[in-house]
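*Asks:* I have a structure here, written as structure tokens, and I will follow up with some questions on it.
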Amino acid sequence: MKRRRHMEGEDTDRWVVSYADFITLLFAFFTALYAVSAVDAEKLGKFVRSLKDAFRTESVSGKGVTIPELSEPRGGGRGLEAELRAVVAPLQRDAEVRREERGIVVSLGEDLLFNPGSADLKEDSLEALAEIALVLKGVPNRVIIEGHTDNLPVGNSHGSNWKLSALRAVSVLNLFIERFGLPPERFIVAGYGEYRPVRENTTPEGRKRNRRVDIVVLTERESERL
């Protein structure tokens, strides 16, 4: 009988060991939380960004590739923006490159691409578009091709500035796809007519600047959102 009581006493005391283990684990858990909260915010941000870059990929031509930042140096040692600026530099006032929150915009004027009121590309524009296409081949980012016009009525079979702006964007798209072999799934086409001017339409110079096609190379975030 004494032996049995002794064993029962041992059994009733075992919960103390489990309780002590539980308290030790809680202490370790809260210590780890405190340590994480005390980490340098800048270092933690770099760590999070590195994980994001490691796991964020996009499928291009059947292969998973990380979308580069637009200012990252590429094979030639320059960022995409610098490469595009070098391409359009000889075109002077007929083209410009600018950076927006959504990405890099290559803005090509009507005088370079089209005759007035026409949606057919000029032969003289093909060399510049070929160089732009070559740069775009080297990155997987998605691209929006946007057509824009001034606010003067269209006096031909196109009927409206909406239609003319869309047809001009499609002409550039077709060239990129059919002649230069860029993958069509990377592109979006939009026609904005007269409704997204970059200058006032009250002067001939302002209207000239508004008649354009913008090629927008989207950032990683914008590429994923669309």
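*Asks:* Count the net charge of all other residues whose Cβ sits under 12 Å from the Cβ of PRO204, scoring Lys and Arg as +1 and Asp and Glu as -1.
*Replies:* Result for the local shell: +2.
*Asks:* Could you derive backbone 3J(HN,Hα) for the stretch 198-207 from the dihedral phi with the Karplus parameters 6.51, -1.76 and 1.60 (θ = phi - 60°), listing whole Hz in sequence and x where the residue is Gly or Pro?
*Replies:* Residue by residue, the stretch 198-207 yields 9, 9, 5, 8, 8, 10, x, 5, x, 5 Hz.
*Asks:* At 7 Å along Cα-to-Cβ for each site, give me the label-to-label distance between LEU26 and GLU100 in nm.
*Replies:* 5.6 nm
*Asks:* Karplus couplings for the stretch 156-173 from phi (6.51 cos²θ - 1.76 cosθ + 1.60, θ = phi - 60°), rounded to Hz, Gly and Pro as x?
*Replies:* Result, ordered by residue: 8, 5, 5, x, 8, 5, 4, 5, 4, 5, 5, 5, 5, 5, 5, 4, 5, 4 Hz.
*Asks:* What does the convex hull of the Cα atoms of the stretch 97-226 come to per residue, in Å³, rounded to a whole number?
*Replies:* Normalising the Cα hull of the stretch 97-226 by residue number yields 106 Å³.
*Asks:* Within the set of other residues whose C-beta is less than 10 Å from the C-beta of ASN161, count the net charge using Lys and Arg as +1 and Asp and Glu as -1.
*Replies:* 0
Laboratory data are not the source of any read-out in this text; all were calculated from the coordinates shown. Quick caveat: nothing in here was measured; it's all calculated off a predicted structure. Cβ: placed from backbone, ideal geometry, glycine included. Neighbour counts: every protein chain shown.
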